[in-house]
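Report on the following structure.
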Amino acid sequence: MPKTAKAKKKVSKPKTKVASKPKPTLAKVASKGPVKISKTYVPKDTEKYMCEKHKVYFRMRLTEWKKELIKANNEALYNGSMDDNNISADIVDQANSYIDSNVEMKAINRQIKLISEIDKALRRIREDTYGYCLDTAEPIGLKRLMARPVAKYTIAAQEKHEKDEKVHADD
């Protein structure tokens, strides 16, 4: 009989552990459950600032923007590599081709930097700091984020940064 009593205890211990594991998982799902929004959803000032709907909206918008930029960059790089095969004997055509490719590469570099800013904004969404100024921690505002989803500063803080940059550029 002592062996069966031990066996019953061993069986009952895992059951209590298994029964206790799903509870935190359910709590996580309930608190961080996927929020679904329609494609026509637009954040409203009447909603709580940076609620889950806002985060989902901006995450979707930033992700789509990033995909579009990557696609455009890949197409530009592919088309640019195709143009290299048409080397002209005319020096004016060569200069024009060089200038065109130089302008195209500058545009691609700007887009790569923008993709980096989008990645940083997506990281801020995951860290729950998106939508708040990096300097003052004040809300940036929905209108500003709608216009510039990668905005890191309030308008006042951005103006201060730009003024500081101009002062240092003049030195």
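The values are calculated or read from the model by the stated rules, or taken from the named source; none is laboratory data. Worth saying up front: this structure is predicted, and the values here are computed from it rather than measured. Note: ideal-geometry Cβ built from the backbone for every residue, glycine included; neighbour counts use all protein chains shown.
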Restrict the check to segment 93-109 and report whether at least one residue is outside any helix (DSSP H, G or I) and either touching a helix residue (DSSP H, G or I) at 6+ places or on another chain (Cβ under 9 Å) or closer than 20 Å to PRO43 by Cα (or both).
-> no
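Rundown of residues vs (1) over 30 Å from GLU138 (Cβ atoms); (2) exposed (fewer than 10 other Cβ atoms within 10 Å of the Cβ), yes/no style:
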| residue | (1), (2) |
| --- | --- |
| ILE37 | no, no |
| VAL42 | no, yes |
| LYS55 | no, no |
| SER97 | yes, no |
| MET105 | yes, no |
Output the number of the condition that SER12 fails; it satisfies all remaining conditions of (1) of a type outside the set (Val, Ile, Thr); (2) modelled with pLDDT of 50 or more; (3) assigned to a helix (DSSP H, G or I).
-> (2)
Does SER88 satisfy the condition of being modelled with pLDDT of 95 or more, polar (S, T, N, Q) and either exposed (fewer than 14 other Cβ atoms within 10 Å of the Cβ) or outside any helix (DSSP H, G or I) (or both)?
-> no
Scanning segment 142-171 for residues that are of a type in the set (Gly, Ala, Ser) and surrounded by fewer than 14 Cβ atoms within 10 Å (Cβ to Cβ), the one modelled with the lowest pLDDT turns out to be ALA169
Where ILE37 falls short, out of the listed (1) modelled with pLDDT of 50 or more; (2) not in a loop (DSSP other than H, G, I, E, B) | (2)
Residue by residue through segment 112-145, note down the ones that are of a type in the set (Gly, Ala, Ser) and farther than 17 Å from GLU47 by Cα.
-> SER116, ALA121, ALA137
Only unsatisfied item for ASP135, checking (1) among the acidic types (Asp, Glu); (2) surrounded by 12 or more Cβ atoms within 10 Å (Cβ to Cβ); (3) at positive phi, is (3)
Can you run down the residue pairs with Cβ atoms below 7 Å, 6 or more apart or on separate chains, where the first is in segment 55-69 and among the basic types (Lys, Arg) and the partner is buried (at least 17 other Cβ atoms within 10 Å of the Cβ) and not in a helix (DSSP H, G or I)?
-> LYS55/TYR130; ARG61/PRO149
Top-ranked residue of segment 107-123 - restricted to ones that are in contact (Cβ under 8 Å) with a residue 24 or more places away in the chain and within 18 Å of ARG59 (Cα to Cα), ranked as surrounded by the most Cβ atoms within 10 Å (Cβ to Cβ) | ALA121
Does segment 126-135 contain any residue that is touching a helix residue (DSSP H, G or I) at 6+ places or on another chain (Cβ under 6 Å) and among the aromatic types (Phe, Trp, Tyr)?
-> yes
